[in-house]
Amino acid sequence: MANRVDSFLRLLAASDFQHELEMEVLRAKRGRCPLSLVIFVLEFRNKNNKDVEERELIRCIGDYASPCDSLGLLPKRRYALLLPGAEIFRARNIAEHILQRFENSGCNCTAGIASAKLPENAHAETLLQQAITTLRQNQHQSGKVSVYHEQADVLSLHKTLVHSHEKRFLFSGGE
């Protein structure tokens, strides 16, 4: 499997990855298909072995990546995996498998996931910011993988409530 990984998985620089992300957002909008972004942050055990741990993370990502996926190196040594066609649950499953394999090799990492629920409203910068926000929130939680969730508008809950006088009208014909 390692030979297959080496043949298609390339590590893109931040600017190239940003361009790839923008193109995938356009494809998702056109095809109305899901798009997810996973950002991995390593927790280095040994400052002298950073390169070894980074290579191991890339290998673990390659074990679960598909030829259509893109991997990029972002500032602050964050690794971003772009998953076109993957909904949020599939992206979480992939991220969890990668982190499990990475932990089995004796290393530690966290992941933040953002997904375009409505691809027609997706923006590259928004996906990046959502994934980064999720990583920040993950620092205060015990889990290794966190998913970006929109904050529910409190007022929207009240808009959906049906009052008793409305129920009487609906179910008894207004009596």
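The values are calculated or read from the model by the stated rules, or taken from the named source; none is laboratory data. Predicted model only: the values in this text are computed from it and were never measured. Every residue, glycine among them, receives a Cβ derived from its backbone with ideal geometry; neighbour counts consider all protein chains shown. The accessibility values were calculated without ligands, DNA or RNA, using every heavy atom of the protein model including side chains. Shrake-Rupley method; radii C 1.70, N 1.55, O 1.52, S 1.80 Å.
At a glance:
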read-out	value
Cross-chain or 6+ apart pairs with Cβ under 9 Å, the range 100-122 first and farther than 15 Å from residue 137 by Cα, then assigned to a strand (DSSP E or B) and β-branched (Val, Ile, Thr)	115/147
Among (1) modelled with pLDDT of 95 or more; (2) surrounded by fewer than 14 Cβ atoms within 10 Å (Cβ to Cβ), the one test that residue 45 misses	(1)
Every pair of residues 6+ apart whose Cβ atoms lie under 7 Å, when the first sits in the range 15-44 and is within 22 Å of residue 110 (Cβ to Cβ) and assigned to a loop (DSSP other than H, G, I, E, B) while the second is among the charged types (D, E, K, R) and open to solvent by 50 Å² or more (accessible area, probe 1.4 Å)	44/50
Hits in the range 13-42 - residues which are aliphatic (A, V, I, L, M) and either open to solvent by less than 20 Å² (accessible area, probe 1.4 Å) or at pLDDT below 90 (or both)	21, 25, 28, 35, 37, 38, 39, 42
Condition met for residue 98 (assigned to a helix (DSSP H, G or I), modelled with pLDDT of 90 or more and open to solvent by less than 90 Å² (accessible area, probe 1.4 Å))	yes
Failed criterion for residue 59 (all others in (1) of a type outside the set (Val, Ile, Thr); (2) within 24 Å of residue 130 (Cα to Cα); (3) in contact (Cβ under 8 Å) with a residue 12 or more places away in the chain; (4) assigned to a helix (DSSP H, G or I) hold)	(2)
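Every residue, every condition in (1) farther than 14 Å from residue 37 by Cβ; (2) at pLDDT 90 or above; (3) of a type outside the set (S, T, N, Q), yes or no:
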{"position": "60", "(1), (2), (3)": "yes, yes, yes"}
{"position": "63", "(1), (2), (3)": "yes, yes, yes"}
{"position": "88", "(1), (2), (3)": "no, yes, yes"}
{"position": "103", "(1), (2), (3)": "yes, yes, yes"}
{"position": "112", "(1), (2), (3)": "no, yes, yes"}
{"position": "127", "(1), (2), (3)": "no, yes, yes"}
{"position": "132", "(1), (2), (3)": "no, yes, yes"}
{"position": "139", "(1), (2), (3)": "yes, no, no"}
{"position": "143", "(1), (2), (3)": "yes, no, yes"}
